[in-house]
Amino acid sequence: MDARDFARPEKVQELLAKQLLAGRLSVFLGAGISIPMGLPDWRELLRRAFHKAGSSLGRRRNYQKAADELLNGPCKGNKKDFRKLISEALYKGRKGFSFDYATLRANSTLSALAALVMSSKRGRVSEVFTFNFDDLLERYLDYHGFVVEPVCLSDERFWASSADVAVYHAHGILPSPQSRFKSDCSELILGARSYAEVSGRMEMRSNQRMLVAMQSTVVLFIGLSGDDSRLQNLMAITNKQHARGRLEYWGVALQKSPEDDEVKKWNGYGVFVQELSDYEDDMLHFLLGICQQAAKIA
């Protein structure tokens, strides 16, 4: 596929459908997939955390540095206390908010994403990687009877998984309230120090795990801005080493009404930007369209 083919949404869906059928489609997720469920973006997460710690985020704009202030200040360097604080800020921002099946099912984006992941004759997503802390996708799949396992990459020690679906958490995992999923993941990639370490050391096992997936599959990016320094390093390496052959792009990023500079940024890494005018509605139809095309091909 050349640039002219990528300009046609139905051709992009066809490409992704063929990769889905062949087991060569991976998905990388960011906060944009969880925010519609009532979970906070990065700034709001830190605002809540500072509030719970008896302080205020104020005018801080360096969120990585702000996270380090929480770890080294109120939490006194104790990572367990830091995880507890961030978990409370992540899940307890809305009084009475629950993650039961009815609530999860009502989210169209989560439903469409799950359709890609669920195994059938029309194939399924090869692997799922997320930069989010939450386990909402795992819970949704679990409700449907799939054997699903969250895998923490941030501790740099993890087993291979034989689950129907393994969801790899690049920056750590914080299981949601009443979740059956538990985690002994001790490291959260949130502060400046932790980001600098994982972004600058591509030889780390977690980075190598993501590079293997990125370089050997077509990658669908959902809910990611592309500004994450770690992701940028991974994409830069992948763009030089991907086994894409004649494909103009090795990945597709779903973005709502992106600016020209944003499109150029993704394109520079070898990733095509599929524009969505209505994020949730267009996302639903685009993802389900991939499944439908794969079913026709199969």
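For this structure, a couple of remarks:
- Residue-wise HN-Hα coupling along the stretch 171-185, computed from phi with Karplus coefficients 6.51, -1.76, 1.60 (Hz; x: Gly, Pro): 10, x, 9, 10, x, 6, x, 6, 6, 7, 7, 10, 8, 9, 5
- Protection-proxy order for peptides 204-212, 256-264, each taking the mean of Cβ atoms within 10 Å per residue, highest first: 204-212, 256-264
- Selection from Gln19, Pro74, Gln64 lying farthest towards where the dipole of the stretch 1-131 points positive, charges on Cβ: Pro74
- Note on the chain: with charges restricted to the Cβ of Lys and Arg (+1) and Asp and Glu (-1), its dipole about the Cα centre is near 560 debye.
- Taking the square roots of five times each eigenvalue of the Cα gyration tensor of the stretch 164-298, the equivalent ellipsoid has semi-axes of 26, 21, 17 Å, listed largest first.
- Virtual spin-label span in nm between Asn267 and Glu197, 7 Å along Cα→Cβ: 3.8 nm
- Taking other C-beta atoms within 10 Å as the exposure proxy, Ile237, Ile222, Ile290 rank Ile237, Ile222, Ile290 from fewest upward.
- Ellipsoid fit via the Cα gyration tensor, the stretch 103-222: semi-axes of 24, 18, 13 Å, each the root of five times an eigenvalue, largest first.
- Ellipsoid fit via the Cα gyration tensor, the stretch 247-298: semi-axes of 23, 16, 5 Å, each the root of five times an eigenvalue, largest first.
- q = 0.16 Å⁻¹: log10 I(q)/I(0) that the Debye formula gives for the chain, counting C-alpha atoms only: -1.42
- Selection from Phe50, Ser229, Ala166, by position along the positive dipole direction of the chain (Cβ): Phe50
- Spatial extent of the stretch 42-91: Rg and Dmax, with the Cα atoms as the point set, Å: 9.5, 27
- Residues of the stretch 48-87 with amide N under 13 Å of the 7 Å Cα→Cβ point at Trp42: 61-68
- Among the cysteines of the chain, those whose beta-carbon sits 4.7 Å or more from every other cysteine beta-carbon are Cys75, Cys291.
- Residue order, fewest to most beta carbons within 10 Å, for Phe221, Phe286: Phe286, Phe221
- Cα-Cα over 22 Å, subset of Lys52/Lys76; Lys265/Lys296; Lys52/Lys256; Lys92/Lys256; Lys18/Lys264; Lys264/Lys296: Lys265/Lys296; Lys52/Lys256; Lys92/Lys256; Lys18/Lys264; Lys264/Lys296
- Ranking of His144, His285 by count of other Cβ atoms within 10 Å, fewest first: His144, His285
- In the stretch 1-69, the C-alpha radius of gyration followed by the widest Cα-Cα span (Dmax) gives 19.8, 54 angstrom.
- Calculated FRET efficiency for the pair Ala236/Gln292, C-beta based, R₀ 30 Å, to 0.05: 0.35
Just so you know, all these numbers are worked out from the coordinates, no wet-lab data involved. All values reported here derive from a predicted model rather than from experimental measurement. In this analysis, Cβ positions are derived from the backbone assuming ideal geometry, glycine residues included, and neighbour counts consider all displayed protein chains.
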